[in-house]
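Here the structure comes first, spelled out in C-alpha cells, and everything after it is commentary.
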Amino acid sequence: MRSYLILIMCFLFLIQYFVQQTWLGYVVVTFVIASFFASVIEARGFPRIIGLIMMGTGIILEFYKGAGINGISEGMLLILPLLCLVTLAPLLSIPLKLGGYFEAIDLLLRNLLNHPKRLFAGITTSLFILSPILSLGSVRLISEFLSDLKLPSAMSAKSYLIGFSSAILWSPYFASVSLVLYYLDMSVGKYILYGIGLSVLSLLIGNMLFALWEKKHPIDNRTDPEVPLAKKSRKQLVQLALFVSLLMSCSLIIEYVTKWSMIVIVCIISCILPLIWGLITKSWSKLLPLLKNYKDQSVPMMNNEIMLFSSAGLLAHAVQGTNLANSISKMLTIVADQSFLLFALCVIILVVVITYIGIHQIAVIAALAMQLNAEQLGISTLSLAMLLLLCWSISTALSPFSGLNLMVSRIVGISGYEAGIRANGLHLTVMAILGLGIIMFIS
C-alpha cells in the first residue's frame with residue numbers, strides 16, 4: 001500500500017508539472033505528507049528522530065512566520081521534485097541488471113586483485129559511473145562483489161567514499177546537482193562540464209593519495225590466478241560507459257530543446273527507459289518480475305530517503321526569510337564583499353558543522369541556495385553552484401550521520417569518524433583547497 005502511495009505521488013507530480021492546476025497541487029501535497037508519515041512508521045533509529053525534529057521545526061517556523069498551511073504546502077512542493085527523482089531513478093538500473101553489466105564489473109574487480117592501485121581505481125571509477133543511477137545502492141553492490149576478499153578496512157572506506165562523493169559533484173541524476181541547480185534556476189548544460197571536471201579531479205587526487213598510502217601500508221598481493229576478461233565482458237563495460245554517456249546526452253538535449261526542469265526529464269526517462277528496453281529486446285518475461293520487485297521491495301526500502309528529504313526540504317523552506325537566515329545571509333554578503341575566499345571558507349565550515357551534528361545536507365544547502373543571491377555576492381551563479389556542491393560532497397563524506405557514511409562504516413566495520421575524517425580527511429582537505437582555487441579562478 002505504501003508503495004502505491006509513493007508512486008502515485010510521483011506520477012501526480014509529473015502531471016501537475018505540465019497542467020499546473022492549483023487543486024492538483026494540493027492533492028499532491030496531501031500525498032507527500034501521507035508518504036512522510038507512512039515512512040516514519042517504518043523508519044527506525046536516528047533518521048526517524050532527526051526526521052521528526054526537522055519536520056516539526058519546519059511546521060512551527062511556517063506558522064511562526066505567518067505562512068501556515070500555505071507555507072507548508074509551498075515547502076512540500078519545492079522538495080517534491082527531489083522525492084520523485086530519488087524514487088524513480090532506480091528504475092534505470094533494471095536494463096543494467098537485464099544486460100548483465102553488473103556481472104562484468106564483478107569480473108573486472110576480481111581481475112585486479114593482485115594490483116591494489118588498479119583495484120582501487122576500478123572501485124572508485126565503478127562508483128563514479130554507477131552512483132548517479134543506483135545512488136547508495138552502488139556502494140552496496142560493489143561491497144557485495146568484494147565481500148569475500150577481506151580488503152583492509154581503510155582501503156574500502158577510502159574507495160567507497162571517494163568514488164561516491166566524487167559522483168555527487170557532476171550528475172543531474174543525483175539529488176545534489178538537481179536540487180542546487182533547481183533552486184539557483186541554472187540549466188545543467190551550463191554546469192555539467194565544470195562538474196565533471198571537479199569530479200575527475202577528485203578521483204585523480206583520491207587515487208594519487210591512495211598510491212602514497214599504499215606505499216606505507218603495503219597490501220599483500222593475492223595469489224589468485226589472473227584470468228583475462230572475456231570479450232563479452234569487455235564489450236559490456238564499454239557499453240555501460242556508453243549507456244551512462246547516452247543518458248546524460250539525451251537529458252541535456254531534451255533540456256536544451258524543451259526548457260523543462262532537468263529533474264522532470266530524469267523522472268520521465270527513468271519511467272520510459274525500462275519499457276523501451278523491453279520493446280527492443282522483447283524480454284518482457286524478465287522485465288516484469290524486476291518491475292514488480294522494484295514496486296514491492298525497492299520503493300518500500302526508501303523510508304529514510306522519503307522521510308529525511310521531506311522534512312529537510314520543509315525545514316529549508318521554513319528557515320528562508322527568518323531573522324536567523326537573513327542575518328546569516330547578510331553576514332555572508334558582507335564577508336563576500338571583503339574576500340571571496342573567506343566567504344567560501346565560511347560557507348564550507350557552516351555546512352560541515354551543521355551536517356556533522358545530524359542535519360541533512362538538503363536542509364542547510366537548500367536554505368543557502370534559496371537565501372543567497374549570486375549577484376549580491378558579486379560572483380557568478382556557476383561559482384555559487386560549484387561551491388554549494390563542493391560543500392555537499394565534502395560534508396557527505398565527513399558527517400558520521402550521512403547515509404553514505406553510515407552505510408560505509410557499517411559495511412567496513414569502523415566508526416563514522418574513522419571512515420570520514422581519519423580515512424578521507426586528507427583527500428577532502430586537498431580537494432577543498434584545489435576546488436576553491438578553481439572556483440575563485442572562474443568567479
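Only helices enter the 222 nm calculation for the chain: every DSSP H run of n ≥ 4 contributes -39,500 (n - 2.57), and dividing by all residues gives -26500 deg cm²/dmol, rounded to 500. Between TRP260 and ARG422, the FRET efficiency estimated from the beta carbon spacing at R0 = 60 angstrom works out to 0.85. When the chain is described by a simple charge dipole with +1 on each Lys and Arg Cβ and -1 on each Asp and Glu Cβ, the residue from LEU7, ILE359, TRP277 located farthest towards its positive end is TRP277. Legend: ranking of residues TRP170, TRP23 from fewest to most surrounding C-beta atoms inside 10 Å; resulting order TRP23, TRP170.
Estimated from the Cβ-Cβ distance and a Förster radius of 30 angstrom, the FRET efficiency linking ILE253 and GLU144 is about 0.30. Cys residues of the chain that find no other Cys beta carbon under 4.7 Å: CYS250, CYS267, CYS271, CYS346, CYS391. Listed by Cβ neighbour count within 10 Å, with the fewest neighbours leading, THR57, THR87 appear as THR57, THR87.
For the residues ILE379, ILE49, ILE354, a GNM of the chain with alpha-carbon springs under 10 Å puts the largest fluctuation on ILE49. Each Lys and Arg Cβ is given +1 and each Asp and Glu Cβ -1; about its Cα centre, the chain then shows a dipole of about 960 debye. For the pair ARG410 and ILE334, label points projected 7 Å from Cα toward Cβ lie 4.4 nm apart. For the chain, modelled as a GNM whose springs connect Cα atoms under 10 angstrom apart, the maximal fluctuation among GLY68, GLY163, GLY416 occurs at GLY68.
Membrane-span-like helices in the chain, defined here as complete DSSP H runs extending at least 27 Å along the helix axis by their C-alpha atoms with mean Kyte-Doolittle hydropathy no lower than -1.0, are 22-42, 45-65, 68-88, 188-216, 231-258, 262-281, 423-442; this is a sequence and geometry rule, not a statement about a membrane. Evaluated with a Cβ-only charge set (Lys, Arg +1; Asp, Glu -1), the range 202-317 carries a dipole of roughly 460 debye about its Cα centre, given to the nearest 20. Spatial offset of the range 27-44 relative to the range 339-392 amounts to 29 Å, using the alpha carbon center of each.
Since only GLN320, LEU252, PRO152 are under comparison, the one whose Cα sits farthest along the positive direction of the charge dipole of the chain, derived from C-beta charges on Lys, Arg, Asp and Glu, is PRO152. Sorting HIS360, HIS427 by the number of Cβ atoms found within 10 Å of their own Cβ, with the fewest placed first, yields HIS427, HIS360.
Comparing LEU136, LEU242, LEU287 in a Gaussian network model of the chain, where Cα atoms under 10 Å apart are tied by springs, the biggest mean-square fluctuation is seen for LEU242.
Would you mind checking the pairs LYS232/LYS286; LYS190/LYS232; LYS65/LYS259 and listing those with alpha carbons more than 28 angstrom apart? Check vs 28 Å cut-off fails for LYS190/LYS232; LYS65/LYS259.
For the range 367-433, the convex hull spanned by the alpha carbon atoms encloses 84 Å³ per residue.
Mean sequence separation of contacting Cα pairs (under 8 Å, at least six apart), scaled by the length of the range 343-443, corresponds to a relative contact order of 30 percent. As an equivalent ellipsoid, the range 2-87 spans semi-axes of 21, 19, 9 angstrom, where each value is the square root of five times an eigenvalue of the C-alpha gyration tensor, largest first.
Computed extension gain for SER283 through ILE442, at 0.36 nm per residue and net of the alpha carbon distance, reaches 52.4 nm.
The numbers here are math on the coordinates, done by the rules we state, and not lab data. Worth saying up front: this structure is predicted, and the values here are computed from it rather than measured. Backbone-built Cβ (ideal geometry, glycine too); neighbour counts: all protein chains shown.
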